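Trainee: Below is a structure I'd like to ask you about.
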């Protein structure tokens, strides 16, 4: 299976506003202080990476890209040359986007809070169980990585690879996505993990870097691999799920189909 024939269909995207909020959080800036020029450049970098990986994108991502380009062009115009806007209350062309981001963040935070309360409620019982021997504390598990963190890490790997490799020599592409899936499954036993960057140590071409990343995405979709990090923007770790975890996930998904 060649790169151009491999179409990635991910159901883990939430939407363009999620990507914008992620970029703002990554840069540690206030929503009200967002630079349209800066965030547009970063947003388009992500869109280009999605296209490079042949990832299906919802049309809303493209609409947002066009809107950002429009806002960027308006910020470059003098105020006297700004296009007329009906019922416009502000001179700042960013304000409508900022309002959308603030409202969306409120709903997103509220949903996260309710989800947390639901998880807490599920762990409560109406009666006090008998005291049991306290098990040894397990180390805190790493948080699962968002697709945006994963794409950012891939961009960094690809950039370092292009800076350190001479593309004057033509090297035949030896791997397909299927080949890399089999290779990753052989290299990582159930329960084992390694750093994200180490996945690409043996890559000799840009195409091999891309194919390796596509294989990782496919293994994540198949519940074979999980990707975690210790903190926001921290180092990313790839972990192969244990056989018990895979079986439990498959059983849960099968059960949800009959609900």
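Trainee: Could you list, in sequence order, the residues of region 19-29 that are surrounded by fewer than 16 Cβ atoms within 10 Å (Cβ to Cβ) and touching a residue at least 40 places away in the same chain (Cβ under 8 Å)?
Mentor: In the first step, residues of region 19-29 are kept if they are surrounded by fewer than 16 Cβ atoms within 10 Å (Cβ to Cβ); the result is 25-29.
Passing the criteria: 25, 26.
Trainee: Restricting attention to region 217-232, does a residue exist that is in a strand (DSSP E or B), at pLDDT 90 or above, buried (at least 17 other Cβ atoms within 10 Å of the Cβ) and under 22 Å from the mean Cα position of the chain (by Cα)?
Mentor: From region 217-232, those in a strand (DSSP E or B) are 225-229; that's our starting set.
Okay, now just the ones that are also at pLDDT 90 or above, so 225.
Now narrow it down to the ones that are buried (at least 17 other Cβ atoms within 10 Å of the Cβ): 225.
Those still in the list that are under 22 Å from the mean Cα position of the chain (by Cα) too: 225.
There is at least one residue in region 217-232 that is in a strand (DSSP E or B), at pLDDT 90 or above, buried (at least 17 other Cβ atoms within 10 Å of the Cβ) and under 22 Å from the mean Cα position of the chain (by Cα).
Trainee: Please pick out the residue among 105, 72 that is closer than 17 Å to residue 146 by Cβ and modelled with pLDDT of 70 or more. Spell out how you get there, then give the answer.
Mentor: Values: 72 fails: closer than 17 Å to residue 146 by Cβ.
Only one candidate passes the filter, namely 105.
Trainee: Among the residues of region 196-213, write down those that are surrounded by fewer than 20 Cβ atoms within 10 Å (Cβ to Cβ) and either touching a residue at least 60 places away in the same chain (Cβ under 8 Å) or outside the structural domain of residue 162 (by TED's automatic domain parsing) (or both).
Mentor: Once the filter is applied, which keeps residues that are surrounded by fewer than 20 Cβ atoms within 10 Å (Cβ to Cβ) and either touching a residue at least 60 places away in the same chain (Cβ under 8 Å) or outside the structural domain of residue 162 (by TED's automatic domain parsing) (or both), region 196-213 yields only 207.
Trainee: Okay, moving on. For residue 177, indicate whether it is within 20 Å of residue 149 (Cα to Cα), touching a helix residue (DSSP H, G or I) at 6+ places or on another chain (Cβ under 9 Å) and surrounded by 14 or more Cβ atoms within 10 Å (Cβ to Cβ). Even if it seems obvious, please write down each step before you answer.
Mentor: Values: within 20 Å of residue 149 (Cα to Cα): no; touching a helix residue (DSSP H, G or I) at 6+ places or on another chain (Cβ under 9 Å): yes; surrounded by 14 or more Cβ atoms within 10 Å (Cβ to Cβ): yes.
Against the criterion (within 20 Å of residue 149 (Cα to Cα), touching a helix residue (DSSP H, G or I) at 6+ places or on another chain (Cβ under 9 Å) and surrounded by 14 or more Cβ atoms within 10 Å (Cβ to Cβ)), residue 177 does not qualify.
Trainee: Quick check on residue 85: is it modelled with pLDDT under 90, surrounded by fewer than 16 Cβ atoms within 10 Å (Cβ to Cβ) and part of a loop (DSSP other than H, G, I, E, B)?
Mentor: Numbers: modelled with pLDDT under 90: yes; surrounded by fewer than 16 Cβ atoms within 10 Å (Cβ to Cβ): yes; part of a loop (DSSP other than H, G, I, E, B): yes.
Judged against the criteria, residue 85 is a match.
The values are calculated or read from the model by the stated rules, or taken from the named source; none is laboratory data. None of the values given here were measured: they were computed from a predicted structure. Glycine gets a Cβ as well: all are built from the backbone with ideal geometry, and neighbour counts include every protein chain shown.
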